[in-house]
1. Hey, with R₀ at 45 Å, roughly what FRET efficiency would residue C:109 and residue A:183 work out to, going by the Cβ-Cβ distance, to 0.05?
2. Excluding ligands, DNA and RNA, what is the accessible area buried between chains A and D, summed over both sides, using a 1.4 Å probe, to the nearest 100 Å²?
3. Per residue and in Å³, how big is the convex hull formed by the alpha-carbon atoms of segment A:2-137?
4. Considering the protein assembly as shown, what Rg and Dmax in Å follow from its alpha-carbon atoms?
5. What residue among B:222, B:91, B:32 shows peak mean-square fluctuation when chain B is described by a Gaussian network model with Cα springs under 10 Å?
6. Nearest 20 debye, what's the magnitude of the dipole of segment A:149-254 about its Cα centre given +1 on Lys and Arg Cβ and -1 on Asp and Glu Cβ?
7. Calculate the length of the line joining the C-alpha centroid of segment D:28-103 to that of segment D:156-202, in whole Å.
8. Run through the other copies and list how far each one's label point is from that of residue B:9, in nm with one decimal, shortest first; the point sits 7 Å from Cα along Cα-Cβ.
4 protein chains.
Amino acid sequence: MVDGVRHRFYLHLFPSARTKPGLSVVNRIICGLIVYSVVIAILESEPAVLREGRGFFLVSEYLLTFLFAAEYLARLWCAPEDPRFRQPVWGRLRYAVTPAALMDLLAISPLLFTLLGSEAFLFRLFRLFRILRLAKLGRYSEAIAEIFTAVRSRRYELLGSMACALFLLLISSTFLYLVESEAQPEAFGSIPRAMWWSVATLTTVGYGDVVPVTTLGRFFGGITAIIGIGLIAMPTGILAAAFSDALARRREGKGGAAEE
Amino acid sequence: MVDGVRHRFYLHLFPSARTKPGLSVVNRIICGLIVYSVVIAILESEPAVLREGRGFFLVSEYLLTFLFAAEYLARLWCAPEDPRFRQPVWGRLRYAVTPAALMDLLAISPLLFTLLGSEAFLFRLFRLFRILRLAKLGRYSEAIAEIFTAVRSRRYELLGSMACALFLLLISSTFLYLVESEAQPEAFGSIPRAMWWSVATLTTVGYGDVVPVTTLGRFFGGITAIIGIGLIAMPTGILAAAFSDALARRREGKGGAAEE
Amino acid sequence: MVDGVRHRFYLHLFPSARTKPGLSVVNRIICGLIVYSVVIAILESEPAVLREGRGFFLVSEYLLTFLFAAEYLARLWCAPEDPRFRQPVWGRLRYAVTPAALMDLLAISPLLFTLLGSEAFLFRLFRLFRILRLAKLGRYSEAIAEIFTAVRSRRYELLGSMACALFLLLISSTFLYLVESEAQPEAFGSIPRAMWWSVATLTTVGYGDVVPVTTLGRFFGGITAIIGIGLIAMPTGILAAAFSDALARRREGKGGAAEE
Amino acid sequence: MVDGVRHRFYLHLFPSARTKPGLSVVNRIICGLIVYSVVIAILESEPAVLREGRGFFLVSEYLLTFLFAAEYLARLWCAPEDPRFRQPVWGRLRYAVTPAALMDLLAISPLLFTLLGSEAFLFRLFRLFRILRLAKLGRYSEAIAEIFTAVRSRRYELLGSMACALFLLLISSTFLYLVESEAQPEAFGSIPRAMWWSVATLTTVGYGDVVPVTTLGRFFGGITAIIGIGLIAMPTGILAAAFSDALARRREGKGGAAEE
């Protein structure tokens, strides 16, 4: 009878064991707890917030660690239900060293580090990766997989356009260094310094903390900004073509079955 | 004979009753009044303008409220012409609680609130939504519908790329927080604070009010800016593919009838 | 024999009379003069440059006016060669009131205005439009025509997405006005004022001269910046699809003859 | 026997002699040395870094010059293995004046210039171009060639959209000059000065060092920013269509062989 309970636990805890699409209720709750734990970790980094709610954050962390520990033990207990980890001891040990299980163990550790006096509270952000492990989120993970496929199919073009970008970055930094280094030694006094401006301009971010002031510097600056448009247009065009291609293949293959 | 008048009113007031394409003259005037009323509300928020033309704004608002009230009563009177609201009393009551009629009623309320001393003049902006109710603007609403269809058909990909974006936002904020928090505690003293910079950089807005100053901070900042290009390229590429797909289907289906 | 000279002049001056592709040598020189004249006008607006080279600019302008006047008279003389302006007097008068001829006349006027003491030197920029009249620049005008066709075929979608943009602009301005007007009455004290920030953010320009400072303002500001990506992605995607569609039609129609 | 050694050297040094895909080990090392030399040159431009490691930089430069000189001599020695440079003396001389060999010679010169007291250390950046000569980097150079083909096939459209952009730049600069020159003579006192702002806005870089302050200036500024989106959308759409077209041709031609 214990085996029946264990099997039911197993079905609820292990996404790979689930036959129906989507996540089980238990895993949905765990996903919610992970998001909650990450939000808490983010907010806690703000001193003003931490001062107000130190107690709340501490209780939250204790509770979350307890729940994640319970989840970890439950998974360990259920592991032999998986055909790959059949033996009670050896199987569980082999399960415990899988990346997924180690990630689960890592999720419990932050409190431990904090109790030991270390400032390791950022470890909690790693919990976010556990969502990816659980995330058989149906259509969403399919969509993300599709995006990755499209990006991967064009990886050489994307890397090639990135190489062009690096080349342009180097050239525009050198130009601005040559032209502006006398007028603004602080901002353009060396090529690495000029790169900060170049990156901001080529990506069209344009902070404006560093800006060419000489006529020649502004001329090259303007050209850099215009080239920056090409730098955005290139990967966008490549990705658009990759997505279009994927849709066109689907259209041809399945005969208009792309929407469903 | 009254019924004949009411039927004519009905035909002019209810877009759904119109057989010809486009808007009736009456509804065009109402659209114009709505736009006028919204422009007035926007301008009135500027103290310098309000001081100059307080009388003009007050008269405008009285007049607009009067006209919208007249329109509301006219619609209520004509409602039984619609087969769904056939009964004189019960039908009109049922019409009065439809979202469209409630929206019309809401359009009359701002003056009331103002008279009661409340600062609710922003309610007037809600009148803009009434244009959507009237807007059987032919080709334009068709085009907007097409855009929405394309966006909806790729909603999983768009949401997936937004999830990636949020993930990157969190990572880059954390990095900058770790690297810059000592040098600039005001701007990067916590992850939520660093997020303001991260959003501005990843979207390539780049205000420049907050900027990394350490070498390592600028290094990660530059990488964030370059990733920001990918963040723009992703949804653009997905949408471009969706629009291309829609056009290709049309081309295949209707045999080059896409333009008309 | 004069008629033979006139006919040769006609062939050189009127792009419509040319049978070979490209521009005649005379018209190329005129294009060069127009560009030169516009560059002069731009540079002359800079006081520092004007002070140095007042004599040079004056001589240039006299010379250009003389050449453009000679061109105008030559065209007037040759006009009857065109079948539409056959009669010596009446035909030339009818030619003189065509938009193209009036534009040519306008190109001579700036010096006149300057001599009369008026500050009308910016009229000279209008000369640029004359290039469009001459511009049978072969592949380039074809390419521009193709771009215009693609833009026009999707004009409803583009205007629809612009309507969405205006709507978002209004909403984000209102939000920021409500949230930031107390903290920064100068920059966010009214909806029209907040619009300056909103436009800069939604278009991802992000000057940074005006920036939200409250937590809530930054939250809405961040969302506005993210929506701004959509605002760029929408028209880009629509245009990409339009260009793809045009290429696909060509490919299908001419069987892979798109490149030549 | 010397000839056998020379032939083996030839096979390792000349990318054109290689039958297998990818780069030979020797050329990979040379590529690495070039990258190392460029990184050194970039870092050395920073005074703070140079002060710390003057000795290291000097030794690096001596070593690199020695290695590149050895490479140059080795290539010169092997040149007659190439059928085009068969004769021992005349063939080597003809090889020495090929652009590739001159570029190799240029790579040795910077140290010479430095020893002669000149500040020509930036010559070292030219070494980067030598990578292009070696770069038979397989898939990457194929991908870059594909990008160039796509850009070239649409060059008229891209140049046409750039002409539109220049036209808009001129118009918006003139408008802002007319509207803002009185309020901000330093930043908008002439059309060339206003162009700096215009470029930053149309490319959506938006430094914010120069910003319109009058109401009318902000109105035109906002319109310029919105037009800037079109300026980004245009080339992106054109490129996306070009890449899509290339993929569609491949799909049709090879029957779904696009991925491999």
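The values are calculated or read from the model by the stated rules, or taken from the named source; none is laboratory data. In this text, all values refer to a predicted model and were calculated from it rather than measured experimentally. Cβ coordinates were reconstructed from backbone atoms using ideal geometry, including for glycine residues, and neighbour counts include every protein chain displayed. Surface accessibility is based on the protein's heavy atoms, side chains included, excluding ligands, DNA and RNA. Shrake-Rupley method; radii C 1.70, N 1.55, O 1.52, S 1.80 Å.
1. Details: r = 42 Å, r/R0 = 0.93.
So, using R0 = 45 Å, E works out to roughly 0.60.
2. On the way: alone 16620 and 16620 Å², together 29430 Å².
Chains A and D together bury approximately 3800 Å².
3. Values: hull volume 15.6 nm³, N = 136.
Spelled out: Cα convex hull of segment A:2-137, divided by residues, is 115 Å³.
4. 34.3, 118
5. Taking springs between Cα atoms under 10 Å, the residue moving most is B:222.
6. Details: 9 positive and 7 negative charges, 162 e Å.
Roughly 780 debye for segment A:149-254.
7. If you average the Cα positions of each part, the centres end up 45 Å apart.
8. Nearest first, the other copies' label points are 7.3, 7.4, 10.4 nm away.
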